[in-house]
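A.B. asks: Before I ask anything, let me first share the structure, which is written out below as structure tokens.
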Amino acid sequence: MSLEGGRAASAMPPGAPRRTRRRNSLTPYLFLSPFFALFALFWIYPIAYSFYLSFVNTRRRPWTFSWSFNWDRLIHDPFFWKALGNTLTILVVQVPVMLVLAVALAIAFNSDLLRLKGFFRFAFFAPLVLGAVPYSAVFRLIFNTEFGVLNYGLHVFGLAPVEWLSQGVPALATVMIAITWRWSGYNAIILLSGLQSIPLSLYEAARIDGASGWQQFLRVTLPLLRPVLLFCFVLSTIGTLQLFTEPWLITSTGPGGATETLITYLYKQGFRSFNFGYASAIAYTVALIAAVFSFVQIRVVGGREA
Amino acid sequence: MKRQRTVQALLLNGGMLVLALLFLLPIVWMIVAATKANHQILSVPPSLAPGSSLAANWRDLNSDLPFLRNVFNSVAIASIFTLFATLISAMGGYAFAKFSFRGRAALFLVVVAALTIPFEVRAIPQYLLIARDLRLANTWIAVILPWLAYPLGIFFMRQNMLSVPTELLEAARIDGAGEARIFLQVVLPIMRPALAAVAIVVFLFQWNDFFWPLLILTQKQAYTIPVALGTLVGLTRVSWGGIMVGTAIATVPFLVLFLFLQRYFVAGITAGAVKD
């Protein structure tokens, strides 16, 4: 294909019929058609059907429509509320802790005082290529009460061992530590790219005005990082609402439901008991909470382009 | 002033070093444990010295699972998925970025909104559709199909396609090239870095995905690596060495790859988070 010839031709005098090509031709729709065909079948149809199913009694055949059957049960189901409470506890405790750690990591990586950057990058960013199943298996092993490496480490420092997997609060903490390990580096990468887009001249101006390092952080870094921080916050929120593999494999949702999450409960209802209607109601609850958080983000950031 | 900087540097590097070693511990422990017998893995005090049971662990793993077959399934599914998901994303991203057409803004908004919708809302109807209606349970295509419309991919490609010079496309059109040919021979070649970033992200996603494959794959022969390993974790009598060999096989290639392709990983991860 001769691009040279093309360039010469495009240098025609203004007014030449360059724009006669049908702007509203089918071409863009054809390029989009594979995506949207699949999208209709595997996104739109399931999302709509799931909504319908949440109003269907699927406990008996034939399935019968009922406005209240599943939703009534949901409101009065202590296991659901327990799962919701656990999920929100993780959300409220783990997400802020992880994001503080991620901001600290991003600032450290942005500092010219840090040596061995290649090594540190590998240490903190390597977890993000690990799948949830492999690292959950490793964490289950490490947090083993009798033989785990972690309790041995505590013993070395003169601390009492913790029954990580067989007591409620430690089990929840184990799940949170695992997610923090896996996702801190991921968020730090995003925050680091946000940090690097802050103009250095702002820091120079702040220095000239006599601002200390801490003041620069509060007055320059944090405000300008806010959109990126919120992006991380919403991603982490949606991720936490979808938490499944870690509680499923590390703690087996135990002990006594202490690490049951919305999605582990949905899985049990939908694919152990095959109660699709009730599982759909749980799924929609998760989606609603996710939508509320996303909406709040859009409002808080206010008109920022996607 | 200079002394203060030295103290700061010491604190920063020291603190980071301690934290980095803690972060590396699970990965190191996974690789070490893959070489040890069960009683060595569960012995106190633990030792980071490698053992000599790698081959025995591999045999244990293969007695529990058709693990080579599971690896093959994972490689095939992730590769086929990556090829098509990347292509579909590139096509859609190209349309959004370089054409103006009726409904563009609305359709793009749909893509962005989809990013916030949890998969679980789709899981049950998809399961009924694929397992019950289409009878495709335990096939590769059952794992691949539902995620081929991958909103993050099309979103990322659109952002990158904006930088394709319109004059280049116009020139090719005046040359008489068809739209398909322009896409394949002009657009795709200059988009290679972005394609690589999307490919890495979608490959890793599919390679690691657990929830959907767990629903749709019920036979050992059909398992992907995560599903296979997931069924072993939590069993009462289990070869931890075997599981660790499996996790090492699932992760070490990507840890090595990560060392070389960090740029693309980072580009894929930061997609959409930061405005250029």
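FYI, it's all coordinate maths here, none of it is from the lab. Small disclaimer: the values here were computed from a predicted structure and weren't measured. Every residue, glycine as well, gets a Cβ built from its backbone with ideal geometry; the counts of neighbours run over all protein chains shown.
A.B. asks: Using the C-alpha atoms of region A:129-178, what convex hull volume per residue, in cubic angstrom, is computed?
C.D. replies: Given the Cα convex hull of region A:129-178, per-residue volume reads 80 Å³.
A.B. asks: Once the other residues with Cβ under 15 Å from the Cβ of B:L148 are scored (Lys, Arg +1; Asp, Glu -1), what is the net sum?
C.D. replies: For residues surrounding B:L148, the net value is 0.
A.B. asks: How shielded is A:112-123 by partner chains, expressed as the average number of their Cβ atoms within 10 Å of its Cβ atoms?
C.D. replies: Per-residue shielding by partner chains comes out at 5.
A.B. asks: Next question. As a footprinting exposure proxy, order A:V103, B:V266, A:V133 by other Cβ within 10 Å, with the fewest listed first.
C.D. replies: By the 10 Å Cβ count, ascending: B:V266, A:V103, A:V133.
A.B. asks: Ok, one more. Report the FRET efficiency, 1/(1 + (r/R0)^6), for B:L21 and A:S25, where r is their Cβ-Cβ distance and R0 is 51 Å, rounded to 0.05.
C.D. replies: Once rounded, the FRET efficiency stands at 0.30.
A.B. asks: Hey, what D do you get for region B:1-95 in µm²/s if you plug the Kirkwood alpha-carbon radius into Stokes-Einstein at 37 °C and 0.692 mPa s?
C.D. replies: Rounded to a whole number, D works out at 180 µm²/s.
A.B. asks: While we're on this one: Where in chain A are the DSSP H helices whose C-alpha atoms run 20 Å or more along the long axis and whose mean Kyte hydropathy is at least -1.0?
C.D. replies: Those that pass (Cα extent of 20 Å or more, hydropathy at least -1.0) are A:78-110, A:168-196, A:222-241, A:276-301.
A.B. asks: Which percent of Cα-Cα pairs in chain B sits in each 10 Å bin, short to long?
C.D. replies: So the P(r) values, bin by bin, are 6, 21, 25, 23, 15, 8, 2, 0.
A.B. asks: Among all the lysines, which ones have a C-alpha under 23 Å from B:K2's C-alpha, if same-chain residues fewer than 8 places away are not counted?
C.D. replies: A:K117
A.B. asks: Can you pull out the trypsin sites (Lys or Arg not before Pro) in region A:224-306 that DSSP calls coil and that have at most 13 other Cβ atoms within 10 Å?
C.D. replies: Taking region A:224-306 and a limit of 13 other Cβ atoms within 10 Å, the loop trypsin sites (Lys or Arg not before Pro) found are A:R304.
A.B. asks: Straight-line reach from A:K268: which lysines have Cα under 19 Å away, leaving out those fewer than 8 places along the same chain?
C.D. replies: Cross-link targets: A:K82.
A.B. asks: May I pose another question? Under DSSP H, which helices of chain B have Cα atoms covering 27 Å or more of the helix axis and a Kyte-Doolittle average no less than 0.0?
C.D. replies: Span-like helices here: B:2-33, B:67-98, B:240-269.
A.B. asks: Another question, then. Order by neighbour count: B:V202, A:V300, fewest other Cβ atoms within 10 Å first, most last.
C.D. replies: A:V300, B:V202
A.B. asks: Could you sort A:192-203, A:36-47, A:60-71 so that the peptide with the highest average Cβ count within 10 Å comes first and the rest follow in order?
C.D. replies: Per-residue mean Cβ counts within 10 Å order the peptides as A:36-47, A:192-203, A:60-71.
A.B. asks: Once both labels are modelled 7 Å past Cα along the beta-carbon direction, what's the B:L255-B:R102 spacing in nm?
C.D. replies: Here the modelled spin labels are 5.6 nm apart.
A.B. asks: Return the lysines within reach of B:K98: Cα separation strictly under 20 angstrom, same-chain partners fewer than 8 residues apart disregarded; answer none if there are no such residues.
C.D. replies: The qualifying lysines are B:K275.
A.B. asks: Another question, then. Using Cα-only point scatterers and the Debye equation, what is log10 of I(q)/I(0) for the protein assembly as shown at each q in 0.05, 0.09, 0.10 Å⁻¹, rounded to two decimals?
C.D. replies: -0.24, -0.78, -0.95
A.B. asks: Computed FRET efficiency, Cβ-Cβ of A:L230 and B:S63, R0 45 Å: what is it to the nearest 0.05?
C.D. replies: 0.35
A.B. asks: Further, regarding this structure: Averaged over B:246-255, how many beta carbons belonging to a partner chain fall within 10 Å of each residue's beta carbon?
C.D. replies: Per residue, the average neighbour count from other chains is 4.
A.B. asks: What's the extension gain from A:T64 to A:R115 if we count 0.36 nm per residue and subtract their Cα-Cα distance?
C.D. replies: Residue separation times 0.36 nm, minus the Cα-Cα distance, leaves 11.8 nm.
A.B. asks: OK, next. Averaging sequence separations of C-alpha pairs under 8 Å and six or more residues apart, then dividing by the length of region B:154-276, give the relative contact order as a whole percent.
C.D. replies: Once normalised by length, the contact order is 33 percent.
A.B. asks: In debye to the nearest 20, how big a dipole does the protein assembly as shown give about its Cα centre with +1 on each Lys and Arg Cβ and -1 on each Asp and Glu Cβ?
C.D. replies: Value, rounded to 20: 900 debye.
A.B. asks: With 35 Å as the cut-off, how large is the P(r) tail for chain A, expressed as percent of Cα-Cα pairs?
C.D. replies: Considering chain A, 42 percent of its Cα-Cα pairs are separated by more than 35 Å.
A.B. asks: I want to check the label-to-label distance for A:V92 and B:V44. Put each point 7 Å from Cα in the C-beta direction and report it in nm to one decimal.
C.D. replies: Spacing of the two 7 Å Cα→Cβ label points: 3.5 nm.
A.B. asks: Given a cut-off of under 8 Å on Cα pairs at least six residues apart, what relative contact order in percent is computed for chain A?
C.D. replies: It rounds to 26 percent for chain A.
A.B. asks: Here is a follow-up. Which one of B:G176, B:F205, B:I124 is farthest out on the positive end of the charge dipole of region B:65-232, using unit charges on Cβ (Lys, Arg +1; Asp, Glu -1) and the Cα centre as origin?
C.D. replies: It is B:I124.
A.B. asks: Please report the relative contact order for region A:57-210, taking Cα pairs under 8 Å with a sequence separation of at least 6, and give it as a percent rounded to a whole number.
C.D. replies: 28 percent
A.B. asks: Tell me, rounded to the nearest percent, the portion of alpha carbon pairs in region A:105-219 spaced more than 19 Å apart.
C.D. replies: Of all Cα-Cα pairs in region A:105-219, 62 percent lie more than 19 Å apart.
A.B. asks: Computed over the Cα atoms, what is the radius of gyration of region B:84-190 divided by 2.2 N^0.38 Å, N being its residue count?
C.D. replies: It is 1.31.
A.B. asks: Which FRET efficiency value, to the nearest 0.05, do you get for A:E163 and B:I190 by plugging their Cβ-Cβ distance into 1/(1 + (r/R0)^6) with R0 = 41 Å?
C.D. replies: It comes out at approximately 0.10.
A.B. asks: Also, I was wondering about something else. Once label points are set 7 Å from the Cα along Cα→Cβ at both B:S79 and A:L154, what is their separation, rounded to one decimal in nm?
C.D. replies: Here the modelled spin labels are 4.6 nm apart.
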